[in-house]
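All remarks here apply to the structure that follows.
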Amino acid sequence: MIIDAAIDMPFARRGLGEDNPDDFFAQPADIAAEVYHFAQKLRSTSTYLVENRPFGAKW
């Protein structure tokens, strides 16, 4: 699993600018939910790669 995001932690907000909107950051609980979902995938629909990005990311 690739987490291509700034994770919403106090040190990340200080380092990246506290004026960034909330959707610029990935929320730790949301990352945990995606990791759990990925780990529970059925064998018939398995995947080997998941990329997670925050909604506000520009790419």
Residues in region 1-16 that are assigned to a helix (DSSP H, G or I) and surrounded by 14 or more Cβ atoms within 10 Å (Cβ to Cβ): how many?
-> 2
Give region 33-51 a look and list any residue that's hydrophobic (A, V, I, L, M, F, W, C) and under 18 Å from Ala5 (Cα atoms), or say none.
-> Ala33, Val35, Phe38, Leu49, Val50
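Can you pull out the residues in region 40-59 that are within 10 Å of the chain's Cα centre (by Cα) and hydrophobic (A, V, I, L, M, F, W, C)? Outline the logic, then answer.
The first filter runs over region 40-59 and keeps only residues within 10 Å of the chain's Cα centre (by Cα), leaving 51-55.
Phe55, the sole residue that qualifies.
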Out of the residues in region 21-44 that are assigned to a loop (DSSP other than H, G, I, E, B) and in contact (Cβ under 8 Å) with a residue 12 or more places away in the chain, which is farthest from Gly56 (Cα to Cα)?
-> Gln27
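Computed from the coordinates by the stated procedures, all read-outs in this text should not be read as laboratory data. Please read all numbers here as calculations on a predicted model, not as lab measurements. Neighbour counts run over all protein chains shown; Cβ positions are idealised from the backbone, glycine included.
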